[in-house]
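The values are calculated or read from the model by the stated rules, or taken from the named source; none is laboratory data. The structure displayed is predicted, hence computed values, not measured ones. Note that we place each Cβ from the backbone using ideal geometry, even for glycine, and neighbour counts take in every protein chain shown.
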Amino acid sequence: MIPMPVFQLIDAILSVYQWVIILMVIMSWLIGFNVINRHNQIVDAIWRTVVALTEPVLAPIRKSMPNMGGLDLSPLILLLGVFFLRQMNWWIAARIGVA
């Protein structure tokens, strides 16, 4: 039997990843509208970290999506996928009688 903390850890990791995706989207808007500047070392360090965490997952999603004329919906698809994984995590926990 898998202990409950394993499911809680998986949920916590997926929850943090959701916030990383949201941060990436907000930062891309702020950088795009020149509200924040990547010449700032802190902004650039955060941006590089966020992109390094999200781009390996977003790139295959972007390849499989049709061209939307400059509109990038891949973060939305990824957020839906993470939401699905979180729900499946708790469904499995309930199904085996842990939750």
note = Within the range 1-38, the count of residues that are part of a helix (DSSP H, G or I) and touching a residue at least 60 places away in the same chain (Cβ under 8 Å) comes to 9
message = Looking at the range 79-99, I want the residues that are under 12 Å from Tyr17 (Cβ atoms) and touching a residue at least 12 places away in the same chain (Cβ under 8 Å) and have a partner that is surrounded by 13 or more Cβ atoms within 10 Å (Cβ to Cβ) and hydroxyl-bearing (Ser, Thr, Tyr) with Cβ atoms under 8 Å, at least 6 apart or on another chain. Which pairs are those?
response = Val82/Tyr17
task = Kindly indicate whether any position in the range 51-71 is modelled with pLDDT under 95 and of a type in the set (Asp, Glu).
result = no
task = Name every residue in the range 5-19 that is of a type in the set (A, V, I, L, M) and under 13 Å from the mean Cα position of the chain (by Cα), in order of residue number.
result = Ala12, Ile13, Leu14, Val16
query = Quick one: is Ser64 within 21 Å of Val82 (Cα to Cα), surrounded by 11 or more Cβ atoms within 10 Å (Cβ to Cβ) and of a type in the set (Gly, Ala, Ser)?
reply = no
task = With respect to Leu58, determine if the residue is under 16 Å from the mean Cα position of the chain (by Cα), without any contact (Cβ under 8 Å) to a residue 40 or more places away in the chain and surrounded by 15 or more Cβ atoms within 10 Å (Cβ to Cβ).
result = yes
